[in-house]
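Let me begin by presenting the structure, written as structure tokens, before commenting on it.
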Amino acid sequence: MSEQGKLDFKVFKRLIVFVKSYKRILWFSLLCTIALSILSPVRPMVIGNMVNKYIVADQNSNALFNWTMILLAMLAMEGVLQFLNSYFSNLLAQSVIRDIRKRLFEHISAFRMKYFDKTPIGNLVTRLVSDIEAISEVFSSGLIDILGDILALVAVLVLMTVTNWKLSLLTLIPIPLLLIATKIFAKAMRNSFQQERLQVTRLNTFVQEHITGMSIVQLFNRERQEQQTFEGINNDHKQAQINAVWAFSIFFPVVEILSSLSIALMLVWGAFQFMGENQTNGAQMYQDIFQFTLWVNMLFRPIRQLADKFNILQRGVVRAERVFEVLDMQEDVQTAGKEQAVDFNQDIQFKSIFFAYQDENWVLKDINLTINRGTTVAFVGATGAGKTSIVNLLGRFYEYQRGEVYVGDTDLKNIELNHLRKNIAIVLQDVFLFSDTVLNNITLGDPDITREQVIAASKAVGAHEFISKLPNGYDYEVGERGGVLSVGQRQLLAFIRAYVYNPHILILDEATSSVDNESEELIQLATEKLTKGRTSIVIAHRLSTIQNADTIVVMEKGQIVEKGNHTHLIEIDGYYKRLYDIQFAEKK
Ligand SMILES: Nc1ncnc2c1ncn2[C@@H]1O[C@H](COP(=O)(O)OP(=O)(O)O)[C@@H](O)[C@H]1O
Ligand SMILES: [Mg+2]
């Protein structure tokens, strides 16, 4: 999709709908614009009149003083109007994009995980931040300004013609040249702006990815090569910026020359008038020249800017189209059930479940399993066996294609999503922490959870000691993705999260896998605390952590191959026994 070409009115209309709630602000802004575009062209008339009557004709300093005061008042009023106009148009723009951003974020929040699997995060960030920023310009400096410029142009032209149509024609001679120049440069500038934006994006992406992945860059000694790549991108960026400046620095002098040409033509005309027989009307001629000099400037500036502003408008509409594309994506929105009063303290049943992330590449095949309420079920199996996928289905992050899941007698698909997720807590191997305090990372901003509850929970889980030792205790600011905290510590924070939420169903997905020895014991204890008397699903690499589970489910290539408790599985001497022997041998 290119940012050039015609304005898409369909998208534009859709954008305008968002203004509806802010009609008052829009009208006010329009009013200021209209007043301004009439007031400004009148000012040269006042000045011309002063020149004619009180300087050239008869020198009346009293009247001159009064008119100067009037002129000052006009200027002050223009200033106030300009301020109000810019304030209200920006207020309008920011209000509109706040609404769009809110809608978009809500919409994205409802997407299924499948959508995020296939959409780069950077893409969504661009939609939410910079695309919407460009939309704001449609309202702050596009639409209303264009209207104002056109009004001002018309006003100036009318006043010029009424005052002296011959002189008007003379001063308008360079206008076709200006139009041609604008057309040429608008294209050049648009190209160089596009280049510039492209290079900025490249630079951003490179810097972001390489700072995030700096440990890998250093680990593999890639610093030199990466620096070279960076230098290349950095140079391209510089070149793009310089090119943009080039276009500008030629265009503006050209405009200046053309407007000077207008004034020059006018002066030549004035000189001829003097030589001619019209000398009686000298004062009138001074007045005209004065007025026209000021008007010419008012004429050239808006014409020069119109192309630019139209670009801004167009760009905003193109970006809006991309945002609307995401908003229109309905297929990815979760089909929400309605049941809100399901008791989760019941057995959970998987009945002939088939599931694939894509097409018919079954990741889970014919899964039949009952998880009795209050018991702990452990899943073991090789990486890729489908353990996490089962959990994903239970939380309805993905939809299964065949079979049914029941909570008691209620079909999982009929349960309202919020209600479902309120009752399930999942602790993953890689704990995501937001750049916020420890406390807020535990409560996730839920105001119903008090600090006391959090402290009690962390004592229960056995994490209070380490949190207290952090620089600000519970108010310690965690860096992005957890920064300085160890894997084990982050894991413990996730356990506290789960503990304070007190869910009916607890899922630990390899939560104990990559933890250091020191934390392992703590986490082992925390796990026992958390799973006690609660329906729990524990996925673990270390068999030692799950030996006491009520049921152990062994998975292989998307199927359940063995089921039973530890003693039973050892007895039948199958997959589980082999896994157990391997790990037991490793320990020795
Ligand atoms: N988001 C996804 N999109 C496509 N395929 C996936 C996705 N997540 C997992 N898979 C595939 O599904 C299979 C099962 O994965 P998973 O349930 O994560 O296994 P486990 O948790 O037992 O290691 C693997 O072959 C994996 O590559
Ligand atoms: Mg997994």
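The values are calculated or read from the model by the stated rules, or taken from the named source; none is laboratory data. On a predicted model such as this, the values are computed, not experimentally measured, just so you know. Cβ coordinates were reconstructed from backbone atoms using ideal geometry, including for glycine residues, and neighbour counts include every protein chain displayed.
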*Could you list, in sequence order, the residues of region 557-569 that are loosely packed, with under 15 Cβ neighbours inside 10 Å and either at positive phi or not polar (S, T, N, Q) (or both)?*
557, 561, 568
*How many residues are part of a strand (DSSP E or B) and either buried (at least 16 other Cβ atoms within 10 Å of the Cβ) or modelled with pLDDT of 95 or more (or both) when one looks only at region 333-351?*
4
*Looking at residue 138, is it hydrophobic (A, V, I, L, M, F, W, C) and over 26 Å from residue 299 (Cα atoms)?*
no
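Table: residues versus (1) in the same structural domain as residue 40 (by TED's automatic domain parsing); (2) within 38 Å of the chain's Cα centre (by Cα).
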{"site": "305", "(1), (2)": "yes, yes"}
{"site": "311", "(1), (2)": "yes, yes"}
{"site": "315", "(1), (2)": "yes, yes"}
{"site": "342", "(1), (2)": "no, yes"}
{"site": "355", "(1), (2)": "no, yes"}
{"site": "361", "(1), (2)": "no, yes"}
{"site": "366", "(1), (2)": "no, no"}
{"site": "373", "(1), (2)": "no, no"}
{"site": "380", "(1), (2)": "no, no"}
*Mind checking which residues of region 533-561 are away from ligand 2 (no atom under 16 Å from the Cβ) and among the hydroxyl-bearing types (Ser, Thr, Tyr)?*
535, 536, 544, 551
*Of all residues in region 530-550, count the ones that are modelled with pLDDT of 85 or more and away from ligand 1 (no atom under 16 Å from the Cβ).*
11
_Any hit, region 110-131, residues being buried (at least 20 other Cβ atoms within 10 Å of the Cβ) and either out of contact with any Phe, Trp or Tyr (no Cβ under 9 Å at 6 or more places or on another chain) or on the phi < 0 side of the Ramachandran plot (or both)_ = yes
*For residue 383, state whether it is within 14 Å of ligand 2 (Cβ to nearest atom), of a type in the set (Ser, Thr, Tyr) and more than 19 Å from residue 506 (Cβ to Cβ).*
yes
*Any idea which residue in region 92-105 is surrounded by the most Cβ atoms within 10 Å (Cβ to Cβ), counting only those that are farther than 13 Å from residue 124 by Cβ and out of contact with any Phe, Trp or Tyr (no Cβ under 7 Å at 6 or more places or on another chain)?*
97
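Quick test for you: out of 293, 370, pick the one residue that is more than 28 Å from residue 123 (Cα to Cα) and buried (at least 17 other Cβ atoms within 10 Å of the Cβ). Even if it seems obvious, please write down each step before you answer.
Numbers: 370 fails: buried (at least 17 other Cβ atoms within 10 Å of the Cβ).
Being more than 28 Å from residue 123 (Cα to Cα) and buried (at least 17 other Cβ atoms within 10 Å of the Cβ) holds for just one of 293, 370, which is 293.
State which residue is farthest from residue 355 (Cα to Cα) when the search covers only region 537-588 and only residues that are in a loop (DSSP other than H, G, I, E, B) and of a type in the set (Asp, Glu). I'd like the intermediate steps shown before the answer.
Of all residues in region 537-588, those in a loop (DSSP other than H, G, I, E, B) come to 540-542, 546-550, 557-558, 565, 573-574, 588.
From what's left, of a type in the set (Asp, Glu): 550, 573.
Details: 550: 26, 573: 29 Å.
In this case the residue turns out to be 573.
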*Would you confirm whether any residue within region 239-258 is over 31 Å from the mean Cα position of the chain (by Cα), in a helix (DSSP H, G or I) and charged (D, E, K, R)?*
yes
*Can you list the helices (runs of 4 or more DSSP H) found entirely within region 390-509 that contain at least 2 residues being touching a residue at least 24 places away in the same chain (Cβ under 8 Å), more than 16 Å from ligand 1 (Cβ to nearest atom) and buried (at least 20 other Cβ atoms within 10 Å of the Cβ)?*
438-443, 451-461, 487-501
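What tally of residues in region 54-81 results from selecting those that are over 56 Å from the mean Cα position of the chain (by Cα) and buried (at least 17 other Cβ atoms within 10 Å of the Cβ)? Don't jump to the end; show me each part of the working.
Going through region 54-81, the residues over 56 Å from the mean Cα position of the chain (by Cα) turn out to be 54-64.
With buried (at least 17 other Cβ atoms within 10 Å of the Cβ) added as a condition, the list becomes 54.
Qualifying residue count for the region: 1.
Here are 47, 34, 25: which of them is of a type outside the set (Ser, Thr, Tyr), in contact with a Phe, Trp or Tyr (Cβ under 7 Å, 6 or more places away or on another chain) and more than 30 Å from residue 285 (Cβ to Cβ)?
Numbers: 47 fails: more than 30 Å from residue 285 (Cβ to Cβ); 34 fails: in contact with a Phe, Trp or Tyr (Cβ under 7 Å, 6 or more places away or on another chain).
Going through 47, 34, 25 in turn, the sole match is 25.
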*Of the conditions (1) surrounded by 15 or more Cβ atoms within 10 Å (Cβ to Cβ); (2) closer than 30 Å to residue 583 by Cβ; (3) out of contact with any helix residue (DSSP H, G or I) (no Cβ under 6 Å at 6 or more places or on another chain), residue 384 clears all except one; give me its number.*
(1)
